[in-house]
Structures are given as structure tokens and as C-alpha cells.
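Coordinate-derived values only; no laboratory data. Quantities reported herein were computed from a predicted structural model and do not represent experimental measurements. Here Cβ is always computed from backbone atoms with ideal geometry, including for glycine, and neighbour counts include all displayed protein chains.
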Amino acid sequence: MTVSHKNMLRDALRIRMVEEKIIELYPSDVIQSPVHLSIGQELHTVALMSLLQTTDRVFTTYRSHAAYLAKGGDLNLMFAELYGKQTGIAKGKAGSMHLCHPSTGLMGSSAIVGAVFSHATGAAYADKLKKNGDIVLCLTGEGATEEGTFHECLNFSALKQLPLVYVIENNGLAINIPLECRQSYRLEALARAYQIPYAHIEDSFNIDTIIAAARPLIEQARSASKPAVIEIATYRYKEHVGVSCDHNRKHRDASAITMWEKRDPLIVDRDLDAYRDEITAEILEAVCFAEKSEFPDHDELLKDVY
Amino acid sequence: MKTDTYRGAITRAMRHAMEKNERTILFGQGVTDHVGILGTTLNLEKEFGSDRVFETPLAEDSMTGFALGASLSGLYPIHVHIRADFMLLAMNQLVNSIAKYRYMYGGLFATPMLIRSIVGRSWGQGAQHSQSLQALFAHIPGIYVVMPSSARTAYATYIYANSACASPVVSLEHRLLYDYSFDRKDDEDVIFYPFTSFRVRQGGDVTIVATSIMVEEAIRAANYVKEMTGLDAEIIDLHCISHPDENLIIESVRKTGRLIVADTGWESFGVCAEIARIIATREPNVLRAPIKCLSLAKAPCPTAHRLEHWYYPDMANLVDSIYSLCFDRFDHGKQLPSEEYVKEVHKTFKGPF
């Protein structure tokens, strides 16, 4: 296994452990807002971000923790944000659902499903106009592709040939509703209708597969200014929102999680245990930073509103 | 005295924004066709290139989110809607994203942009090409909503927004103002802070707070009343619907004791309700009489000419309201302006756009 593979696995494990810390803290109510955990979806996020440069920008959804950390977001500022503290990345006004980290390229996380397709499209248009060689990556779930705006943005980004990669994490569920109740189309055919290159990543636990599928499209977006759609088959271990498991509920197949867990390198790769102590120490430091930070003053209530 | 039309002022502002600010991009359905948004964007594509001036697919919501993404990336988007009604298709992006981006992310982002839209009226624009929805937009914290009532305010607002403002601005222009000529003062191009209200006529007998074309109607009504009776109306152009100058309104009503609100929208939950709220919550005792509201009939806009005539308040309604308030009685017995007088300006309008 190469060094970069090890680093990616370590980064994915770090995201997993951050969210496990959130699960541990959640009952104490220090994080007083909804959280949408990425557990199960970390590794492909890390692998995809490894193909980006710092100046490339990312837009994502309320399930934002993995993208935030994989795109270089600061862990102290993230925990302070979850705690609603003044030192949070957005002074506590964003919380878990709206993480951002503009200095490393995370430009926003929307709790309105599908809203970010067009934000990414506008940002990619600016990159194209400026000829700066940067690309934009838009990371959403498959449910978002049901929104009309997805069609509108595929159309516009194909029309203008924008340097933009839409990454669709297909975890098969929109809140609790399975895919077969919602979609009549295949994403590949939809992309083809707009003559947008498409790649499907079947194994989201295999770094080589992810890189092999995504790299050509990301490079093509950068060098030839072309949009692309990448679909990743993935699995959400936890409930839609909150920190519990729901695979014993009627909308989920209880055996599926076992199948995923059996293959999950973050679980089965025991070599990764070597990283646990240092990651734990980093997380504790971030939690400590959040706990020691002050809550926002009353002055903050009306700051930054026009 | 030199004159300037509303159309001319907006056209100059669009050219200025393209010329002086290389970050400006201008887009919307019809910005490059032979109509050119009633002339205001004509030839700009040819001059500034199709990367900066371009048509959009019929996708208002996505193109509004597109404007946000472009703005976050340092561009200055001007997004144009030939009818304000189409902005309802963009409400998700406007309300859920644009209005919140700066605040929700703790001030890390600025989202300067201008969204221009045109309110239609007369000659059968009907229920879906005539709406004046300023109240909907102004309800949302995080955006400036303006309704330019003159060439001068339109020009200054757009130049200020494009050159000195980091916030999203939604503008509702009025179709019937496009051919109005305004006296052009020497200081026409002086740019002033536009996110406030302006006193456009001084008077001591009654205050009229008006929006958009109702400012012109109010001026004509005030001049008529002055000529007939000597009564002097004070007129405040509300201009920035979302951030009105409350003190200007209160001070004026303190002086006159009487208030008429003349708006292009519906009365309940709208501008009329809001101005009444300002008075009622801040200084209700300044009123010597109940507030009079002139607004649309509480119905969708009918297409039929006869019904449309009753649907909109006009100068005669304003004169009637002034007399009722100032003579303290409904049946004041005063002569109202003739139909011809009232029709003079907007009721002669014809045309598909």
C-alpha cells in the first residue's frame, strides 16, 4: 500500500473518529442542533478531495462534516461551531448543517436539497471567465438529483462547458425513502442526454477504483473545461439526522450494514489502529478548545445582516 | 431644462456598470435580443462580449443560484427578469440562499449582486404579468429591495449597488415609468446612498408615502390639489422598501397629522400595512385622522380593460383621499380631476411588452 493510500485511510479514519466523538457528546446536549453524520461515506470523500488543489472549490450539503475535514477545514473551528461558540468558523451561526471553510475552498453547505448545484455552476462560470485553471466540485446525495435545478444546472454547465464535477453520493435513501420510490431515471442516461461524461464508482471502499474513475474527469474539467458527473454507490450507516442507527427499521435492510461493515477498511484494516492515539489527542484538543471558548455576545445577533 | 427618461437612465446605468466594473456580468432572458429589456441592454453583448452579457435558459431558480456562485467568486451579477412575476420561480434561491449567505456563515462571504425585474401594468397584462411583490421580498432579512420611481433614483441606485455595495439588491422597476421624462438636474449623475427614502415634495397639510409609479401619481395629485384648493401635500418616495427612512415618515406625519400610503401592491401585509405599523408602534398620537391606504383591489389582476381600470388606484383616488382627510369628511363635495386628466399618462400605454 502506498504512502498516499495510507494518508487517505488515516484522514478517513480521522473523520470517522470525529463523528464518533460527536455521537459520544450528543446526549450531553453540548451540540444543540441537528447533525447529519457521514459515517460510511468518508473514504470516497477523502479520495476525491485528494484530486483537488487548495484553490479548487467545493459546495456541499448539510451532511457536511466529511467534506469540511477532507477539504482541509480546521478541526478546532469545527467543534467550536458545533458548540455554538463565538470562535466557531461561522461564529456559531452556521452549526453542523452549514459548515464552510473558504480559505481551503469549502464555499458552503446548504440544508436546502439541491440548492448548491447552481452555486457551484456560478462559481465554475467565474473560474472559466478568469481562466484560472481551477475547478469546482459539487458534492450531494442522489436525492438532490430529483430536484428540477439539477436538470437546469446540467443543461447550463454543458451549454457553457464549465469546469465543474458533480459528485453524487448514492446511498439509496432520501431521509427514510428508498430510491425505488423516487426515481424513474438512471443518472448515467441523464448525464448522457446533456453529453456530459459520467463515471460510476461501484466500490466506495476501494481507493484505486475511486481515483481511476474520478481522475480523468477531474483532469478533463481542469484542462479542457468540461463538466462531469460521478456517481458513487455508498452507504449511510446512521439515521438521516441524529446519531443513532436505524438499520433495524422497516425502510432499511438490516443485513446490508453488516455487508458494508465487513468490507469497510476503517473497521477491518487493523494497521490503522496505529493512528488512533494521535487522532484522539487532536480531537480532544479541539473539543477542549470548543468548551473553553465563549458563547457569542448579544451584539452578534444582528451582525452581518443587511 | 434637460430631461431624462427612466429607460434612458437605466440604460446608462447598465452601460456604466459594464464599462467601469470589469467584474460585471449581465444575464437574463432577453438581454441580447432586439428588444433588449425594453432597450436597457441593447448592444451590450456586442460591445462587451458574450461571456459577460448572455441569455439564460428558462431556469429562474438555477440562474439565481448561479448568480450567487458567481458573486462568491468575485463577479458582479446583474440578473434581469422582464416581468417581476418570474421572480417567484427564484424565491428558493433568493430567500434560502442569497439573503442568508453572509449571516449564516458568520460574515465570511459577501454576495453583491443586482436583480432587476419589471412590474407590468395596463393594456391587459393580466394576473401573471403585473404583480408588484415588493412586500414578499422586503419581508426577508438580508436583501435590499428598491423601487426606483424616477430616472435619478434608478441611476444612482444601480451605480451605487454596482460600485459600492457588498449586498444583494432586488429592484422592481415599473413598466409604465419607462417612457416618463424627468427633469434632469445638473447633478443628475451624483451618486447618493440609495437604501433609504426621499422627500420629493414639501407640504404641511397631508403626508403621502408612495412607492414606484404612485410617487408620480402623488405628485400630480398634489399639484392638482394645490392649484384647486391651496392645500399642500408632502410626498415621501419610500424607494427602499426593505429599509425605509422611518424618521423621515414620522417627522412628516408629526407635521401634517394626516397620512396616505399609496402603493403598487396589495394592502394587507404589504407596504400599507408596514407604514401603518411604523406609525402605530412608534408614535400613534401624531395622527389626527385614520390612515388612508391606496393599493390594489384584493384580487388577482383582471385582464379586461374595464375591470383593470377599477383595479388600480389612480390620481383621482389620491385627490379624493387628500380631500377626505383634509376636510375631515368622506363627502367633501370637491371636484375631482376629469377622466382625461387622470388618463394622461399611463392609461394610454399599449404594447406587447
Quick one: go through segment A:77-108 and flag any residue whose amide nitrogen is under 16 Å from the point 7 Å out along the Cα-to-Cβ line of residue A:29. A:83-84
Just to be sure I understand the model, the point goes 7 Å from the Cα along the line to the Cβ. What's the resulting residue A:268 to residue A:195 distance in nm? 4.3 nm
Can you show me the helix-derived [θ] at 222 nm for chain B, built from DSSP H runs with n ≥ 4 at -39,500 (n - 2.57) apiece and divided by the number of residues, rounded to the nearest 500. -10000 deg cm²/dmol
By counting other Cβ atoms within 10 Å of each Cβ, how are A:78, B:147 ranked from fewest to most? A:78, B:147
Each residue of segment B:99-104 in turn: what ³J(HN,Hα) in whole Hz from Karplus with 6.51, -1.76, 1.60 and θ = phi - 60°, glycine and Pro shown as x? 5, 9, 4, 5, 5, 4
With charges set only on the Cβ (+1 for Lys and Arg, -1 for Asp and Glu), what does the dipole of the protein assembly as shown come to about its Cα centre, in debye to the nearest 20? 880 debye
Prolate/oblate/rounded call for segment B:1-148, Cα gyration tensor, a/c under 1.5 rounded: oblate
Which one of A:184, A:225, A:50 has the biggest mean-square fluctuation once chain A is modelled by GNM with Cα springs under 10 Å? A:184
Of the convex hull drawn through the C-alpha atoms of the protein assembly as shown, the volume per residue in Å³ is 171 Å³
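Please state the shape class of segment B:228-353: rounded when a/c is under 1.5, otherwise prolate if a/b exceeds b/c and oblate if not, all from the C-alpha gyration tensor.
Cα axes put segment B:228-353 in the oblate bin.
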Quick one: check the C-alpha center-to-center distance for segment B:228-247 versus segment B:41-89, whole angstrom. 33 Å
Quick check: the angle from helix B:271-282's long axis to the longest principal axis of chain B, C-alpha only, nearest 10 degrees? 70 degrees
Could you check the spin-label model distance between residue B:285 and residue A:209? Points 7 Å from the Cα along Cα→Cβ, value in nm. 7.8 nm
Counting only residues 5 or more apart in sequence or on a different chain, those whose built amide H sits under 5 Å from that of residue A:198 are A:229
Among A:247, B:305, what is the fewest-to-most ranking by other Cβ atoms within 10 Å? B:305, A:247
In terms of the Cα gyration tensor, with a ≥ b ≥ c the square roots of its eigenvalues, is segment A:136-227 rounded because a/c is under 1.5, prolate because a/b exceeds b/c, or oblate? oblate
Quote the convex hull volume per residue of segment A:3-296, based on C-alpha atoms, as a whole number of Å³. 120 Å³
Interchain or sequence-distant (5+) residues whose placed amide H lies within less than 5 Å of the amide H of residue A:61 are A:110
Rounded tilt (10° steps) of B:60-72 against the dominant C-alpha axis of chain B: 70 degrees
Residue A:288 to residue A:219: FRET efficiency via 1/(1 + (r/R0)^6), r the Cβ-Cβ distance, R0 56 Å, to the nearest 0.05? 0.85
Just need log10 I(q)/I(0) for segment A:44-91 at q = 0.17 Å⁻¹, Debye formula, equal scatterers on the alpha-carbon atoms, no solvent, rounded to two decimals. -0.52
Could you compute the net charge surrounding residue B:286? Neighbours are other residues with a C-beta less than 10 Å from the C-beta of residue B:286; K and R count +1, D and E count -1. +3
Of the options B:99, B:3, B:24, report the single residue whose Cα projects farthest towards the positive end of the charge dipole of the protein assembly as shown (beta-carbon charges: Lys, Arg +1; Asp, Glu -1). B:3
If I take every Cα pair under 8 Å that is 6 or more residues apart in segment B:199-347, average their sequence separation and divide by the length, what percent do I get for the relative contact order? 24 percent
Computed for segment B:199-347: size of charge dipole around the Cα centre, +1 on C-beta of each Lys and Arg, -1 on C-beta of each Asp and Glu, debye to nearest 20, value 260 debye
At 7 Å along Cα-to-Cβ for each site, give me the label-to-label distance between residue B:202 and residue B:163 in nm. 2.9 nm
Most mobile of A:51, A:77, A:13 in a GNM of chain A (Cα contacts under 10 Å): A:51
From a point 7 Å beyond the Cα of residue B:21 in the direction of its Cβ, which residues of segment B:121-163 have a backbone N at a distance under 18 Å? B:143-148, B:152-163
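Ranked by Cβ crowding within 10 angstrom, fewest neighbours first, how are B:234, A:81 ordered?
Fewest-to-most ranking of B:234, A:81: B:234, A:81.
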Longest principal axis of chain B (C-alpha) makes with the long axis of helix B:151-164 (C-alpha) an angle, in degrees to the nearest 10, of 40 degrees
Please list, ordered by chain and number, the residues whose modelled amide H lies under 5 Å from the amide H of residue B:113; skip anything fewer than 5 residues away on the same chain. B:167, B:169
Residue-by-residue Karplus 3J(HN,Hα) for segment A:30-45, coefficients 6.51, -1.76, 1.60, Hz, glycine and proline x: 6, 9, 9, 6, x, 10, 10, 7, 9, 3, x, 10, 7, 5, 5, 5
